[in-house]
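Note sheet for the following structure.
The values are calculated or read from the model by the stated rules, or taken from the named source; none is laboratory data. Given the structure is predicted, the values throughout are model-derived calculations rather than measurements. Please note: Cβ atoms are built from the backbone with ideal geometry, for glycine as well, and neighbour counts cover all protein chains shown. Quick note on the areas: whole protein, heavy atoms, side chains included, nothing else; ligands and nucleic acids left out. Shrake-Rupley method; radii C 1.70, N 1.55, O 1.52, S 1.80 Å.
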Amino acid sequence: MRPKSGGWAGGVLRVNLSDQSSRVNPSEPYTGRFVGGLGLAAKIAWDEISPRCSALGAENKLIFAAGPLTGTLAPGSGRLEVVAKSPRTYPQETVTRSGLGGHWGRELKLAGYDALVLEGRAERPVYLLVQRNGVEFHPAEDLWGQDTFATQKLLRRRHGSRSQAVCIGPAGENQALAATIMSETSFCAGKSGFGAVMGAKKVKAIVVDGSGGSIGVAHPGRLIQLQAHYRELLGVSPMREWTVGYVPPAHHLEFFNKYRSGNASCFGCPLQCMAFVRVPGLEPSQISCVNWFYLNPAHDYYGPGLEADQAFWSANLLSNKLGLDTFELAGVAPWLKDLHEAGLIDEKSAGLPLSRFGSREYISQLIEAIAFRRGLGDVLALGAARAAERLPGAWSIYERYYPAHGQTEHDSVRNFPGIALLWALDSRDPMIDHHAYRHLSVTRLRWPKPHGLTREQAEAAAENIFGDKTAIDHSTYQAKARAVAYCQNRSRVMNALVLCDLLYPIFISQSRSDRLGDTAAESRLFSAVTGRETSEPELDLIGERIFTLERAIMVREGRTRADDTLHQGHFEDLAQDSPAARAGGTGYGLAADESRAVPRADFERAKTEYYNIRGYDPETGVPTRRTLLDLGLEEVAAELWPQGSAGPAARPAGERGGP
């Protein structure tokens with residue numbers, strides 16, 4: 001008797017835009033070793049995305065991949081992963097990832113597909129309609145130039161309110177490198193510039209209608225019990241009220257009290273970390289996390305009142321409608337102000353009201369300049385790092401906001417050694433995937449009772465998870481390498497299943513008196529849904545395999561130990577009278593002392609320890625042949641370490657970026 005199975009839809013839909021053809025391949029060849037989501041997409045990327053291809057070229061593949069838990073009753077399962085070669089990563093384009101929440105991933109599964117792969121490039125703008133019986137190509141000239149809200153409204157009128165869409169705005173059409181792929185009013189794949197990739201392929205939108213479909217579950221009774229248990233274990237987070245992971249300022253809560261009409265979430269998520277807001281005179285929308293980036297500047301500029309609220313809300317609306325990453329804007333907006341105050345750029349040449357930082361005019365003109373590539377916006381559309389290379393004197397202030405990879409600071413690398421290592425060892429901002437470590441080691445220690453942790457509770461949890469309470473002691477690099485490797489493996493598990501990073505891994509419980517969570521949640525949910533009985537260590541091994549495959553892709557593109565670093569300025573104390581020290585910061589550093597240097601010797605020793613733990617060559621950072629074989633990556637070992645080879649060649653140091 002065959003064991004019950006579920007979770008996977010069974011198909012990988014491949015769409016060739018160049019000749020408007022499509023085919024469906026089975027997903028089973030990928031799911032055994034790589035499960036789904038990020039794992040499935042990374043394997044396709046290894047097989048099919050050449051290290052020599054251009055991110056904005058027709059040969060790049062844009063992969064949307066759901067996981068076996070996507071769209072099920074598992075809490076936080078309304079997500080999928082998007083993978084491609086990114087035009088935004090710095091100093092070079094590299095294959096990386098971006099998560100997307102909402103409801104589109106579930107609809108893709110209902111239509112019968114675990115993944116959708118876009119290949120080639122359309123001659124003219126198109127949008128796709130994906131259904132259970134295949135894909136239709138529709139002309140999109142009438143949508144080209146429309147914002148993301150207008151586009152989705154029109155598509156829903158055409159294809160029914162049951163359908164779900166992802167789309168790009170003018171920023172993606174114009175291939176601004178921080179362009180997002182949007183769904184609804186604020187769900188987006190934002191960090192990796194995939195809106196520009198979609199724009200280069202001339203795809204305006206992808207509509208999915210999974211009517212009549214279903215997602216199988218091997219053990220539905222067990223899943224129902226598990227989801228109830230984990231909802232109770234997770235408890236009620238204050239993030240439902242705050243929509244951010246830190247304690248918000250008073251005017252943040254005052255804004256909510258005036259304008260919030262309810263909370264929202266991705267499919268099936270108990271956290272409900274998004275709020276639905278209506279500000280007089282402006283369109284309603286959702287908000288969460290870094291969408292708050294302009295609240296403090298607007299409040300400081302106008303003082304309390306409707307004018308400040310409208311300036312802030314218009315920043316959130318316009319960035320999402322035009323399809324620009326708000327994390328990029330959270331760095332660029334104050335960085336330009338600081339460049340202006342340092343005398344490095346002026347209003348006339350920039351074409352922007354730089355002296356009016358915090359005003360509605362400042363942020364609106366800035367967003368439009370980048371999205372439509374006007375004036376200075378054409379340079380900024382290359383991403384802040386590449387813009388900083390082109391603007392004389394801008395780099396030292398740029399480093400104040402951007403630790404690595406051309407992406408805005410998201411937790412302080414100067415103050416938190418574990419976070420510094422996570423940044424250095426990734427291809428992009430890692431913290432989107434590592435909220436569990438961040439909350440355990442930093443933010444929950446600052447939350448008020450009853451939500452926050454005492455130091456004793458946090459250390460007990462760290463001892464339970466990492467085997468060493470020093471893993472969350474940010475006064476030292478001790479024990480950070482092993483903690484980082486563990487967290488990276490667990491994030492790959494989460495992104496293969498696919499589950500929400502704000503919930504998993506469950507390091508902390510909001511409902512238990514000792515606050516200890518349950519790191520076996522993912523394996524138990526996976527086993528119940530798929531029928532593939534898998535232990536926590538077995539799932540962790542899959543996470544390690546996926547991470548090492550991603551590492552191999554970067555190595556094939558030229559990544560070495562020398563590239564596993566931060567921008568040079570972070571290894572230097574900031575002189576208190578320097579322009580960089582006077583720079584205001586994004587507000588996402590979460591630390592009082594942003595002037596101290598990252599201790600390079602400790603940082604490098606921790607990297608060496610990390611490579612040894614991983615089974616990578618400590619001199620080069622390349623996974624050894626033995627490690628690849630042990631992880632079941634024989635085809636990767638054969639390419640990186642052909643018989644008689646000394647291994648991959650290092651990229652010349654001059655290609656690593658920075659002025």
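For segment 219-290, the normalised intensity computed at q = 0.12, 0.17, 0.24 Å⁻¹ comes to -0.41, -0.69, -1.08 (log10 of I(q)/I(0), Debye sum over alpha carbons, equal scatterers, no solvent).
When a 1.4 Å probe is rolled over the protein heavy atoms, the share of accessible surface on the chain that falls to carbon and sulfur comes to 49 percent. Shape index of the chain: Rg/Rh, with Rg the Cα radius of gyration and Rh the Kirkwood radius from the inverse mean 1/r over Cα pairs, equals 0.94. When a/c is below 1.5 the answer is rounded, else prolate if a/b is larger than b/c, else oblate, so apply that to segment 175-257 with a ≥ b ≥ c taken from the square roots of the Cα gyration tensor eigenvalues. Judged from the Cα gyration tensor, segment 175-257 comes out oblate (a/c at least 1.5, b/c at or above a/b). Straight-line reach from LYS348: taking Cα to Cα under 20 Å and skipping same-chain neighbours fewer than 8 places apart, the lysines in range are LYS337. Restricting the calculation to alpha carbons of segment 1-146 gives Rg and Dmax of 15.6, 56 angstrom. Among the trypsin sites (Lys or Arg not before Pro) in segment 443-483, those placed in a DSSP loop whose Cβ has at most 15 other Cβ atoms within 10 Å are ARG446.
The trypsin sites (Lys or Arg not before Pro) of segment 253-313 that DSSP puts in a loop, and whose beta carbon has at most 16 other beta carbons within 10 Å, are ARG278. Seen from SER265, the other residues with C-beta closer than 13 Å to its C-beta sum to a net charge of +3, counting Lys and Arg as +1 and Asp and Glu as -1. From the P(r) of segment 252-381, can you give the percent of Cα pairs sitting at distances over 24 Å? Of the Cα pairs, 29 percent sit more than 24 Å apart. For segment 68-153, the set of GluC sites (Glu not before Pro) satisfying both a DSSP loop assignment and a count of at most 15 other C-beta atoms within 10 Å is given as GLU123, GLU141.
The listed residues ILE613, ILE553, once ranked by accessible area (1.4 Å probe) with the largest placed first, stand as ILE613, ILE553. Accessible area per residue for the chain, computed on protein heavy atoms with a 1.4 Å probe, is 34 Å².
Take every DSSP beta bridge whose two residues both sit in the chain; close to 80 percent of them are antiparallel.
What helices in the chain pass both tests, a Cα length along the helix axis of 24 Å or more and a mean Kyte hydropathy of -1.0 or higher, using whole DSSP H runs? Both cut-offs are met by 480-497, 536-556.
The convex hull defined by the C-alpha atoms of segment 442-486 has an orientation-averaged projected area of 3.1 nm². What's the FRET efficiency of SER50 with LEU629 using the Cβ-Cβ distance as r and R₀ = 30 Å, to the nearest 0.05? Once the sixth-power term is evaluated, E becomes 0.80. Rounded if a/c is under 1.5, else prolate if a/b beats b/c, else oblate: with a ≥ b ≥ c from the C-alpha gyration tensor eigenvalues square-rooted, which is segment 6-47? Because a/c hits 1.5 or more and a/b fails to exceed b/c, segment 6-47 counts as oblate. In the chain, Cα pairs under 8 Å separated by at least six residues give a relative contact order of 15 percent. Under a 5 Å amide H cut-off, with hydrogens placed 1.01 Å from N, ALA264 pairs with MET274, ALA275, PHE276 among residues at least 5 apart or on other chains. Defining a contact as two alpha carbons under 8 Å apart and six or more residues distant in sequence, what relative contact order in percent does segment 365-433 show? Answer for segment 365-433 is 18 percent.
Counting only heavy atoms of the protein chains and using a 1.4 Å probe, GLU341 has close to 130 Å² of accessible surface.
If you take all other residues with their beta carbon under 15 Å from the beta carbon of SER355, and give Lys and Arg +1 and Asp and Glu -1, the sum is -2.
Selection among GLY452, THR624, ILE546 by position relative to the dipole of the chain gives ILE546 as farthest towards the positive end (Cβ unit charges, Cα centre). Once you have a ≥ b ≥ c as the square roots of the Cα gyration tensor eigenvalues for segment 181-314, tell me rounded if a/c is under 1.5, and otherwise prolate or oblate according to whether a/b is larger than b/c. Taking the square roots of the gyration eigenvalues as a ≥ b ≥ c, segment 181-314 is oblate. For segment 258-367, averaging the sequence separation of C-alpha pairs within contact (under 8 Å, six or more residues apart) and dividing by the residue count gives a relative contact order of 22 percent. For ARG374, no residue has an amide H sitting under 5 Å from its own, ignoring neighbours fewer than 5 places away on the same chain, with H placed 1.01 Å from N. Structure note, pairs LYS191/LYS607; LYS85/LYS191; LYS61/LYS607; LYS469/LYS607; LYS153/LYS204: Cα-Cα distances above 23 angstrom occur for LYS191/LYS607; LYS61/LYS607. For a straight C-alpha distance cut-off of 15 angstrom, the aspartates and glutamates reachable from LYS201 (same-chain residues fewer than eight places away being disregarded) are ASP19, GLU59, GLU119, GLU123, GLU141, GLU173. What whole-number distance in Å separates the alpha-carbon centres of segment 515-564 and segment 1-47? Using only Cα atoms, the two centres lie 18 Å from each other.
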